[in-house]
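Where a number appears in this text, it was derived from the coordinates with a stated rule and is not lab data. Please read all numbers here as calculations on a predicted model, not as lab measurements. Here the Cβ positions follow ideal geometry from the backbone for every residue, glycine too, while neighbour counts run over all protein chains shown.
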Amino acid sequence: MKPIIVLATFAFLFAVSCKSKNQTETLAAASLNLKRGDIISCGPQQGESFGTVLFDATVPADLKKEFNTGIALLHSFEYDEAEKMFAKVIDKEPACAMAYWGVAMSNFHPLWDPPSPADLRKGMQAVDIARSIKNKTKRESDYIAAIAEFYEHADQLDHRSRVLNFEKAMEGIYKSYPGDKEAPVFYALALNAAAEITDKTYSRQKKAFGLLEPIFKKEPLHPGIAHYIIHNMDYPGVAELALPAARKYASIAPSSAHAQHMPSHIFTRLGLWDECIKSNFDAMTSARCYAEQAKIKGHWDEELHALDYLVYSYLQNNNDAKAREYLDYVRTIKEVSPANFKVFYAFAAIPARYALERKDWKQAAELKFYPANFAWNDFPWQKAIIHFARTLGHLHLDNIPAAEKELDTLHMLYDVLKDKKNKANEAAQVSVQINTSQAWIEYKKGNKEKALELMRAAATAEDAMEKHPVTPGAVLPARELLGEMLLASDQPALAVNEFEQNLKLHANRRNGLIGLNKAKAAANK
């Protein structure tokens, strides 16, 4: 009887041990305060579709669909929805290490603004739980270690340093596991996140494209491949390489609002305004659906983002009536969640573009901050757009003192930005606005040589930097304004060169084309 007693005792102890481990992991998961609920699916067609992903991981067979849906959502930057899916896996199997990795990835947001302190804490906690779970492969441990490189030492290392650490770790995974289909996709994302905004050779982005383009042909329904091709080729001179992916991505993940919008980055680069309008109309509609289903108070931030591109596209397409229709709609919006950087950008850029693109200088000079009750002082780059538009408005109305007052405000906003971490690109863009404003003030004062010198400096500086991903482009390109100044200074041949160079960077821009035709006519008169 003794062997039976020993076996029974061992079985009891093993069961208690497993139960204890499971309880520990369940308690740890509960402390994460995960987002939960049904997945929200919004798109131009019925049904839930976020693309096809097959990530090989230690996940129970009955949870693999939820896990892979979470990965697909990650690849379309539907981070809240992705976390919900990983939470479903964790709730049913709290010992699934890769589900915690998914939570950490859902709080990373590599191509957006840096995560909030709360996101950083949640991500690091998820990493710690994933590490503590024994039932995982060496490859899974490496994936967990890679995302840990971003979260660890956040109090000592800046955001970019940790992004570079993540990139290096993902490169190691890509090289170590040649059969891993997801490794090149996540590595391409890491390369894009680590790309230098001053690198005009686009070395990292081209490397990522080289990884993705061959497998896109083999996996045409993978959302991450199409999405990251678009992001990595979202630059002048290379955008056309991403056109097939841009025209495919929305149909790969029709239930994602972001997937509806993202192709318009390439359409904007190439000046394909009809396609850009359709892309952002679908994205706006999808975002409204999302806000309704998620019971968001007011509007969702993705709607404002799509509206910015939509108004810009209508203006470039010479449809001012439609642009005005959506501007009026924006002015009815009083509440947005979350009220983040892209929301403030849209609220500033949409009315500024509408006035400046149409050269309605009175309207530009009288622009106000809307909604007035928003925390505009927390967003100096966005505030600068309104002050810049006012400056140009006052100058074209020959009100130099009012323009100089606006310029003083631009200087103050620049001083705020240059001292902030991770705001170098925004500070540089305000610096271009300052030089442009000073140039036109000098021009109005009759100092044409000084004006042209400042305007050339502004154009050179803007050409050397990349636009922020949140925007379809500068509110008014500096080189286009240089062409206009040369044309006004009776130097049409030089103006032709500037307009042509500007159109290489900003394809098919309405005022760029008008300016070029005027300059050519004047040069050949």
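First check a/c for the stretch 41-161, with a ≥ b ≥ c the square roots of the eigenvalues of its C-alpha gyration tensor; if it is under 1.5, answer rounded, and if not, answer prolate when a/b is larger than b/c or oblate otherwise. Mind showing how you got there, number by number?
On the way: a/c = 2.09, a/b = 1.22, b/c = 1.72.
Here the stretch 41-161 falls in the oblate category.
Considering every pair of different Cα atoms, what Kirkwood radius, in Å, is found for the stretch 245-397?
Values: mean 1/r = 0.0631 Å⁻¹.
Evaluated over the stretch 245-397, this radius sits at 15.8 Å.
Excluding HIS75 itself, calculate the net charge of residues whose Cβ lies under 12 Å from the Cβ of HIS75, where each Lys or Arg counts +1 and each Asp or Glu counts -1. Could you put the intermediate results ahead of the total?
Values: positive: none; negative: GLU78, GLU81, GLU182, GLU219.
Here the charged neighbours net out to -4.
For helix 203-218, report the angle its Cα long axis makes with the longest principal axis of the Cα atoms of the chain; keep it between 0 and 90° and round to the nearest 10°.
It works out to around 60 degrees.
Over 22 Å between C-alpha atoms is what I'm after, so list which of LYS200/LYS248; LYS206/LYS248; LYS207/LYS418; LYS200/LYS448; LYS248/LYS278; LYS136/LYS175 land there.
Details: LYS200/LYS248 27 Å; LYS206/LYS248 20 Å; LYS207/LYS418 31 Å; LYS200/LYS448 31 Å; LYS248/LYS278 14 Å; LYS136/LYS175 20 Å.
Result: LYS200/LYS248; LYS207/LYS418; LYS200/LYS448 exceed 22 Å.
Where Rh is the Kirkwood radius over the Cα pairs of the stretch 388-525, the temperature 10 °C and the viscosity 1.306 mPa s, what D in µm²/s does Stokes-Einstein return? Write out the running numbers ahead of the final one.
Working: Rh = 15.4 Å.
Stokes-Einstein gives a translational diffusion coefficient of 103 µm²/s.
All other residues with a Cβ under 12 Å from the Cβ of GLU152 taken together, and with Lys, Arg as +1 and Asp, Glu as -1, what is their net charge?
Values: positive: ARG131, ARG162; negative: ASP128, GLU149, ASP155.
Spelling it out: positives minus negatives among the neighbours equals -1.
Residue-wise, which Karplus ³J(HN,Hα) couplings in Hz belong to the stretch 342-348, taking 6.51 cos²θ - 1.76 cosθ + 1.60, θ = phi - 60°, and x for glycine or proline?
6, 5, 5, 4, 4, 5, 7
What residues qualify as long-range amide H neighbours of SER337, i.e. H under 5 Å apart, gap of 5 or more or another chain, H built at 1.01 Å from N?
For SER337, whose amide H was placed from the backbone, the distant partners under 5 Å are HIS299, TRP300, ASP301.
Just order 250-262, 386-398, 234-246 by mean Cβ neighbour count inside 10 Å, highest at the front, would you?
Going from most to least packed, we get 250-262, 386-398, 234-246.
Please compute P(r) over all alpha-carbon pairs of the stretch 134-195, binned at 10 Å starting from zero, and give each bin as a whole-number percent.
24, 50, 23, 3
Step through the residues of the stretch 315-327 one at a time and calculate ³J(HN,Hα) from phi using the Karplus curve (6.51 cos²θ - 1.76 cosθ + 1.60, θ = phi - 60°), rounding each to whole Hz and writing x for Gly and Pro.
Going residue by residue, I get 5, 5, 8, 6, 10, 5, 5, 5, 4, 5, 4, 7, 4 Hz, with x marking Gly and Pro.
Obtain the radius of gyration and the Kirkwood radius of the stretch 275-353 from its C-alpha atoms and give Rg over Rh.
0.95
Helix 380-396 versus the longest principal axis of the chain: what is the Cα-based angle in degrees, 0 to 90, to the nearest 10?
Tilt relative to the chain: about 10 degrees.
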